[in-house]
Amino acid sequence: MHMYNHREIEKKWQKRWLNDKTFQVSDRPKKKYYCLDMFPYPSSNGLHVGHPEGYAATDIFSRFLRMHGYDVLHPMGWDAFGLPAENYAIKKGVHPRETTEKNIENFRKQIQSLGFSYDWSREINTASPEYYKWTQWLFLEFYKHGLAYKKKAPVNWCDSCKTVLANEQVQDGSCERCSNAVIQKELAQWFFKVTKYAEELLTDLSDIEWPDSIKRTQQNWIGRSEGALLQFPLAMTDGAKPNYVLLHGYLGSPDGIFFPWLKQALEKRACTVQAPSLPHPSHPTEKEQVDYVLRHCTFDENTVLFGHSLGAVVALKVAEKLERPISKLILAGGFLDAHFRDTERPFTNTFSWKFDFEKIKKNVRGGIILSEENDYAIPPEQGRKLHDALGGTHITVAGQEPHFTGTREPALLEHLAPTITVFTTRPDTLYGATYMVLAPEHLLLKKKELRIKNQEEVQEYINTSAKKSERERLHLEREKTGVEVKGIKAINPVTGEKIPVWIADYVIASYGTGAIMAVPAHDARDFAFAKKYALPVRMVVCPHYPAPTCPVLDEAYEGAGHLVESGPFTGMSNEEAKQAITDSVGGVIRQNYKLRDWLISRQRYWGAPIPIIYCESCGEVPVPEVDLPVLLPDDVDFRPTGESPLKRSGTFHSVTCPKCGSSACRESDTMDTFVCSSWYFLRYPSATQADVPFEDEQIRSWLPVDMYVGGAEHAVLHLLYARFVTKALRDLGYLSFSEPFLRLRNQGLILGEDGEKMSKSRGNVVNPDEIINAYGADTMRLYEMFMGPFEDAKPWSTASIIGMRRFLEKVWRTYTAIPTNYPNIVIPAKTGIQTHVKDFDTEHLNKLLHKTIKKVTEDIQEFKFNTAISALMVCLNAFAREREKGIDIPAQQRDTFLLLLAPFTPHITEELWSMSGHAESLAFHPWPKYDPTLIKEDVMNITVQINGKMRDHIIISHDVSEENIIKAALERETVKKWTQGKKVVRTVFVPGKLLNIVVS
RNA sequence: GCCCGGGUGGUGAAAUGGUAUACACGAGGGACUUAAAAUCCCUUGCCGCAAGGCGUGCGGGUUCGACUCCCGCCCCGGGCACCA
């Protein structure tokens, strides 16, 4: 017999599990459970004590489930791309591939030294070409379906990391990685269309079992609010009124979709509108329709020619044939050839599809091309082609309905007539709107025809706010600033009143429409601004209606009430008025989200290259799937310059176009590493398959993930992205479920001994290797699980580990009969137990054991590992006391206890299990069941309270009635002492537990 | 400013309407030992000789009874941050 030697035992079992492939699962599970850890970034610091906390929890859970007969998929892999390896390369000149490989080796060794039951045959590495080939495939799938797109936009730029960042990676206006201030830069970048799933990402939260705090964080991040789009015509001090020619499309008419609404809105602005009904809308021919327009409509230098869908094609042809130039050409959902996304249309051969763009450009002074982002018929490149041919402005907007088929399309009106469109959650306060505010970046300010009188002042304000970093805006910007835009006024659509237009950076360009109607009486921010610049405050919602006078406001009133000073709506409740006022001005109710599309381009080297090629003649060309992976070249100078390092690799950068063969270049940005980690859980089941990213059958067998464990810091990063990718892949037909992770648990942070977050600079980092070496993996696992509630942050204490080690040594002693230094068995005098009691106290200890089974089983299911361990300790202490008395624990009870302990400390339990004569591993042994009849106590211990204070206990059998218990209680000396000379007012009896006697 | 989590012995913590402090660390005492370590036993919220009183951040409330529920505050931690 030996002393407990953790080094020997742990090495032995770890080796055996690996050699025997104990934890490899089959591809065809009978009863599946997918238990997943967030895979680590293999940093050069090695494992941190925070890692094993989550890994121990999933390991306990996996082992527990295996003992319940589940086939548990429990894999591990490496989130291996990322900045630290690259930064290290810059500093030390070691290639990131080399560092990463070394770090992975180290991580694997460390993780294996903890005896986790991973299926190592499914290990994945996101930086391997076998993996990132499929990350690139994912990008291409998204690209093909309009979920990946490139656009020029103001983006977050970290000048120290020399790369752009996603919104989710900006914290307090600073870079998440290096804390450098983030500035705004206008760059063309790749985005994933997360916003398409905003609503679903929000509502599906109710289907998953996640911590409420994470759900709430995601909810807030998605930031849905319901409001109205309202349009304010602009009144310019001079300038002629345009007259409009509106052309409908295939199967359309001037009475269809948005045309009546649009016509009315333009006429309200005192413009003339011609909206001809084009001949044969269901069998349109070019000649007939174009001639019809030329014959029936009049054109002059103030004409704005508008065409929707096929009407846009007619408009182009009309513009080509005009004799005099017109003011403007506006095309919505237009196209240049008859290739549609959905079906063929019958006018393919009745139009010529040849355009004289020079002539058209000569005949129109300006042009606007509007693409609809969810267009079901017109592919996005049509808008781009039109723009290439015509110039002017090309804008992709969200229509009310795909392909601008809503009955009201505010986006169109906005571009047809000078208009400010606002999003407001308070359309009920429209009568109180006394001024407008545009964000400094608002497109309207770029329009020359506005004839802004203080252009210089306005431009200066725009410039200064553009220069401000996010952080500056945050820190020195409680005080609002702004400049009035002189020379234009907005018209309040209900009062007809002309109100001033301001620009101010308290309005954010990227939210809503980038413009607001300011209602200072009912919005705190507008109120502060109005006070500063002496703008009128008009109260229109009063909480005291119908009081004759409303209170004078010294702050904004944002609560509910009834409308006052609001024309026909006066007296209506403000909630009702929201819809009523919106309708009366032709506005639309709309949901708005704070969520932005996910910016995935990174100007860095150590990531998956974006598989796009730019060809001089074909433009943007996706790399054909057969050419994947686009390999990351090794011969690269990684120094960050702000330009992607890949651009400087000649072998990588210059290529030939896969479509036409002419010279082209590759996209040189790489993908955000979060793209790699947004789908890795789909890969594990098919980890070794080279021909597909994930195999159908495997997906059906194993997914979705049943239990997912990791840190809460990913609440709006990884966890949101993975949900998005899952939904997108479902819509592309690859998956049949909508949520990737059914249950989620977050481990709490392990703090340093000083109670602060562990960090190198604080010097409070604990190295798990030393702990494992000194105390053993089992002790380490047990300690991390015993520290406190799994989800709470808790400070590390090396001194406390000894308690866990003592517990395991006690287990060892109890099972191996290795004597303590006690020379022989001595019965402690105080207990008064007779020496002839040599039998296991079956009755009492069996009860305790069965209570322990119940407690441990329930606690593991609820991730309450700390109390489960404490229950195991209580049970063992009782066993050990028996052993102290020289009494043997019967084999059945000994085995049961080992099985309960096994998920927590697998090495020592396997060893003791085999020493007890079991040939098979206990990893798949059925989990013990408890006997409910054994758990019941046969006598009740009733607490007796007097006036709610505990005074006495009575021990009494179950069959005694309440009445008799009260009687018995009142006869007790201790009770009498309190009831003497008092009257019993009432008694409260809790069966089996407590009796409260109320006296006065 | 808004949202979330938390505040219980010397320490990590347990108890989610019914005996406050299970389990563990630390501390003190004892047994064993030439001695130490290990082990085993006892004690360990505060005041008090005791009877008893007080006690879960603070102040109120609901209740026969509150760490637990409600209202108002204070402090600590985390997240969001001019989102119309």
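Structure notes:
- For region A:851-870, the tally of residues that are open to solvent by 30 Å² or more (accessible area, probe 1.4 Å) and of a type outside the set (Asp, Glu) stands at 8.
- If the condition is being farther than 19 Å from A:Met38 by Cα and out of contact with any helix residue (DSSP H, G or I) (no Cβ under 7 Å at 6 or more places or on another chain), then region A:719-735 contributes A:Leu729, A:Arg730, A:Asp731, A:Gly733, A:Tyr734.
- If the condition is being open to solvent by 20 Å² or more (accessible area, probe 1.4 Å) and within 7 Å of RNA strand B (Cβ to nearest atom), then region A:489-508 contributes A:Tyr506, A:Ile508.
- Among residues of region A:892-911 that are in contact (Cβ under 8 Å) with a residue 24 or more places away in the chain and over 16 Å from A:Pro928 (Cα atoms), those with a beta-carbon under 8 Å from a residue that is of a type in the set (Ser, Thr, Tyr) and in a helix (DSSP H, G or I) at least six positions away or on a different chain give the pairs A:Thr905/A:Thr779.
- Hits in region A:497-528 - residues which are closer than 28 Å to A:Thr464 by Cβ, in a helix (DSSP H, G or I) and touching a strand residue (DSSP E or B) at 6+ places or on another chain (Cβ under 7 Å): A:Asp526
- Restricting attention to region A:96-107, the residues that are open to solvent by 40 Å² or more (accessible area, probe 1.4 Å), touching a residue at least 12 places away in the same chain (Cβ under 8 Å) and touching a helix residue (DSSP H, G or I) at 6+ places or on another chain (Cβ under 9 Å) add up to 1.
- Exactly one residue among A:Ala466, A:Ala433 is crowded, with 21+ Cβ neighbours inside 10 Å, within 16 Å of RNA strand B (Cβ to nearest atom) and of a type in the set (A, V, I, L, M, F, W, C), and that residue is A:Ala433.
Residues are listed down the side, and each one gets a yes or a no for (1) open to solvent by 10 Å² or more (accessible area, probe 1.4 Å); (2) at pLDDT below 95; (3) of a type in the set (Lys, Arg):
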site	(1), (2), (3)
A:Leu872	no, no, no
A:Ala880	yes, yes, no
A:Ile887	no, yes, no
A:Pro890	yes, yes, no
A:Arg894	yes, yes, yes
A:Pro903	no, no, no
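- Where strands (runs of 3 or more DSSP E) sit wholly within region A:204-306, those with at least 3 residues that are within 16 Å of RNA strand B (Cβ to nearest atom) and surrounded by 15 or more Cβ atoms within 10 Å (Cβ to Cβ) occupy A:225-236.
- Of the numbered criteria (1) surrounded by 22 or more Cβ atoms within 10 Å (Cβ to Cβ); (2) within 30 Å of A:His544 (Cβ to Cβ), the one A:Ala560 fails is (1).
- Helices (runs of 4 or more DSSP H) fully within region A:850-948 counting 2 or more residues that are within 16 Å of RNA strand B (Cβ to nearest atom) and under 17 Å from A:Leu808 (Cβ atoms): A:865-884, A:891-901
- Condition met for A:Val709 (open to solvent by 30 Å² or more (accessible area, probe 1.4 Å) and touching a helix residue (DSSP H, G or I) at 6+ places or on another chain (Cβ under 8 Å)): no
- All of (1) away from RNA strand B (no atom under 12 Å from the Cβ); (2) part of a loop (DSSP other than H, G, I, E, B); (3) in contact with a helix residue (DSSP H, G or I) (Cβ under 7 Å, 6 or more places away or on another chain) hold for A:Asp778 with one exception: (2).
- Residue ID - modelled with the lowest pLDDT, chosen from residues in region A:822-844 that are under 24 Å from A:Glu937 (Cβ atoms) and open to solvent by 70 Å² or more (accessible area, probe 1.4 Å): A:Thr831
- Within region A:958-976, residues that are over 16 Å from A:Lys993 (Cβ atoms) have Cβ atoms under 9 Å from residues that are of a type in the set (Ser, Thr, Tyr) in these pairs: A:Leu970/A:Thr979, counting only partners at least 6 apart in sequence or on another chain.
- Test result for A:Leu390, within 16 Å of RNA strand B (Cβ to nearest atom) and either within 23 Å of A:Lys193 (Cβ to Cβ) or surrounded by 20 or more Cβ atoms within 10 Å (Cβ to Cβ) (or both): no
- Top-ranked residue in region A:731-742 [being open to solvent by less than 50 Å² (accessible area, probe 1.4 Å) and not hydroxyl-bearing (Ser, Thr, Tyr); ranked as nearest to A:Met873 (Cα to Cα)]: A:Phe741
- Residue ID - nearest to RNA strand B (Cβ to nearest atom), chosen from residues in region A:757-774 that are free of Cβ contacts under 8 Å to residues at least 60 places away in the same chain, open to solvent by less than 80 Å² (accessible area, probe 1.4 Å) and assigned to a loop (DSSP other than H, G, I, E, B): A:Ser759
- Restricting A:Glu565, A:Glu558 to residues that are acidic (Asp, Glu), farther than 30 Å from A:Lys152 by Cα and within 14 Å of RNA strand B (Cβ to nearest atom) narrows the list to A:Glu558.
- Any hit, region A:411-422, residues being farther than 28 Å from A:Thr272 by Cβ, surrounded by fewer than 22 Cβ atoms within 10 Å (Cβ to Cβ), among the polar types (S, T, N, Q) and touching a Pro at 6+ places or on another chain (Cβ under 9 Å): no
- Residue within region A:719-731 that is within 16 Å of RNA strand B (Cβ to nearest atom), under 30 Å from A:His145 (Cα atoms), part of a helix (DSSP H, G or I) and touching a strand residue (DSSP E or B) at 6+ places or on another chain (Cβ under 8 Å) present: yes
- Residue that is touching a helix residue (DSSP H, G or I) at 6+ places or on another chain (Cβ under 9 Å) and either farther than 30 Å from A:Arg602 by Cα or hydroxyl-bearing (Ser, Thr, Tyr) (or both), where the choices are A:Ala85, A:Ala80, A:Ala56: A:Ala56
- The residues listed here are A:Phe674, A:Phe681, A:Phe694; of these, the one that is modelled with pLDDT of 90 or more and not in a helix (DSSP H, G or I) is A:Phe694.
- Test for A:Ile395: is it open to solvent by 10 Å² or more (accessible area, probe 1.4 Å), assigned to a loop (DSSP other than H, G, I, E, B) and touching a residue at least 24 places away in the same chain (Cβ under 8 Å): no
- Only one of the numbered conditions (1) among the basic types (Lys, Arg); (2) modelled with pLDDT of 85 or more; (3) within 12 Å of RNA strand B (Cβ to nearest atom) is violated by A:Lys847, and that is (3).
- Selection from region A:667-683 of residues that are of a type in the set (Gly, Ala, Ser) and under 26 Å from A:Ser654 (Cβ atoms): A:Ser668
- Among residues of region A:1-30 that are open to solvent by 100 Å² or more (accessible area, probe 1.4 Å), those with a Cβ under 7 angstrom from a residue that is part of a loop (DSSP other than H, G, I, E, B), sequence gap 6+ or separate chain, pair up as A:Met1/A:Ile818; A:Met3/A:Ile818.
The values are calculated or read from the model by the stated rules, or taken from the named source; none is laboratory data. Not measured: the values here are computed from a predicted model. Quick reminder, even Gly has a Cβ in these numbers, built from the backbone with ideal geometry, and neighbours come from all protein chains shown. With ligands, DNA and RNA removed, areas are computed over all heavy atoms of the protein, side chains included. Shrake-Rupley method; radii C 1.70, N 1.55, O 1.52, S 1.80 Å.
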